Amino acid sequence: MDKKILSRDGTPIAYTRTGQGPAVVLVSGAMSTGATVAPLAGHLSGGFSVVVYDRRGRGESGDMPPYAVEREVEDLAALIDAVGGEAALYGISSGGALVLEAAASGLPVSKVAVYETPFAVYEGGAKERAEYTERLTAALAEGRRGDAVELFLRLTGLAEEMIQGARQSPMWAAMESIAPSLAHDNAVMRDGLVPRDRLASITVPVLAVAGGASPAWLREATRAVAETVPQGTYRSLEGQTHLVDPQVLAPVLAEFYAQ
């Protein structure tokens with residue numbers, strides 16, 4: 001990250017801007033920094049001015065307690081102001097919930113694209129989210145960062161042997177270091193259900209994209225976003241999963257933003 005701005009509450013937000021053209025801000029999901037979406041920026045920078053940033057509490061950005069979703073919306077407002085006063089947004093996973101909230105909050109946003117925002121559209125989804133929230137809050141309050149990461153990986157459906165394997169891997173220390181930000185993403189997802197009232201208030205076009213090889217519930221959640229916003233479009237990318245290939249996704253986003 002080569003630049004920093006101050007958000008409304010004084011928190012420094014680190015970002016990088018590449019390319020020329022209309023501004024597009026990329027928003028990462030849980031357990032990630034701006035580096036996660038940087039490869040996508042590389043594929044979009046030929047036609048757009050692409051902003052990649054570290055969300056507050058991770059990477060090179062600061063953090064100012066107490067956390068509130070509204071502070072992250074203000075971070076996006078500051079970024080949009082810094083790059084010309086209007087921008088399109090893209091968010092992956094829980095980052096999608098954040099950009100949808102930003103659009104619903106009335107930020108100067110031209111278009112919004114999301115990839116597989118994991119809203120619970122299945123029976124028991126709200127209860128599952130409530131139990132996760134309770135356990136995550138306790139783990140972080142007690143400094144059990146590794147347990148917090150495990151809880152999140154379990155929530156994503158990762159197999160137990162994969163979780164234990166990850167815990168023995170060299171990347172585990174980095175995952176523990178970013179664990180406190182799991183509370184941020186959990187707050188962004190609220191009760192885990194599709195926020196129909198908020199989505200219905202969005203006045204700009206929304207593209208909701210899912211991977212054709214992703215679990216059915218993720219595809220249904222993505223379709224629910226497209227069907228709830230007034231100007232929504234659903235797209236499925238054949239063969240893709242939650243770990244979407246930037247080379248496959250970028251042309252779809254570029255076409256949507258250029259319309």
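Key figures for this structure:
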{"quantity": "Residue within region 181-202 that is more than 16 Å from residue 98 (Cα to Cα) and either of a type in the set (A, V, I, L, M, F, W, C) or touching a helix residue (DSSP H, G or I) at 6+ places or on another chain (Cβ under 9 Å) (or both) present", "calculated": "no"}
{"quantity": "Matching helices (runs of 4 or more DSSP H) fully within region 52-167 where at least 1 residues are surrounded by fewer than 18 Cβ atoms within 10 Å (Cβ to Cβ)", "calculated": "69-82, 125-141, 145-155, 160-167"}
{"quantity": "Selection status of residue 208, over 29 Å from residue 138 (Cα atoms), modelled with pLDDT of 95 or more and small (Gly, Ala, Ser)", "calculated": "yes"}
{"quantity": "Qualifying residue in region 68-78 (condition: farther than 28 Å from residue 193 by Cβ and in contact (Cβ under 8 Å) with a residue 12 or more places away in the chain)", "calculated": "yes"}
{"quantity": "Residue in region 179-191 that is surrounded by fewer than 15 Cβ atoms within 10 Å (Cβ to Cβ) and of a type in the set (A, V, I, L, M, F, W, C) present", "calculated": "no"}
{"quantity": "Number of the condition not met by residue 184 [criteria: (1) under 21 Å from residue 36 (Cα atoms); (2) in a loop (DSSP other than H, G, I, E, B)]", "calculated": "(2)"}
{"quantity": "Residue tally, condition closer than 22 Å to residue 24 by Cβ and either in contact with a Gly (Cβ under 9 Å, 6 or more places away or on another chain) or buried (at least 18 other Cβ atoms within 10 Å of the Cβ) (or both), over region 202-234", "calculated": "14"}
{"quantity": "The lone exception for residue 176 - which of (1) over 17 Å from the mean Cα position of the chain (by Cα); (2) in a loop (DSSP other than H, G, I, E, B); (3) surrounded by 15 or more Cβ atoms within 10 Å (Cβ to Cβ) it fails", "calculated": "(2)"}
{"quantity": "Residue 106 closer than 21 Å to residue 233 by Cα and small (Gly, Ala, Ser)", "calculated": "yes"}
{"quantity": "Complete set of residues in region 212-259 that are in a loop (DSSP other than H, G, I, E, B), within 19 Å of the chain's Cα centre (by Cα) and closer than 24 Å to residue 32 by Cβ", "calculated": "214, 215, 240, 241, 242, 243, 244, 245"}
{"quantity": "Which listed residue is modelled with pLDDT under 90 and under 14 Å from residue 29 (Cβ atoms), from 117, 156", "calculated": "156"}
{"quantity": "From the options 86, 150, 72, residue that is under 18 Å from residue 32 (Cα atoms) and in the same structural domain as residue 235 (by TED's automatic domain parsing)", "calculated": "72"}
{"quantity": "Tabulated pairs, region 2-15, first at positive phi, second modelled with pLDDT under 95, C-beta under 8 angstrom, 6+ apart or interchain", "calculated": "10/64"}
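The values are calculated or read from the model by the stated rules, or taken from the named source; none is laboratory data. Since the structure is predicted, the reported quantities are computational estimates derived from the model, not experimental observations. All Cβ positions, even for glycine, are placed from backbone atoms using ideal geometry, and neighbour counts span all protein chains on display.
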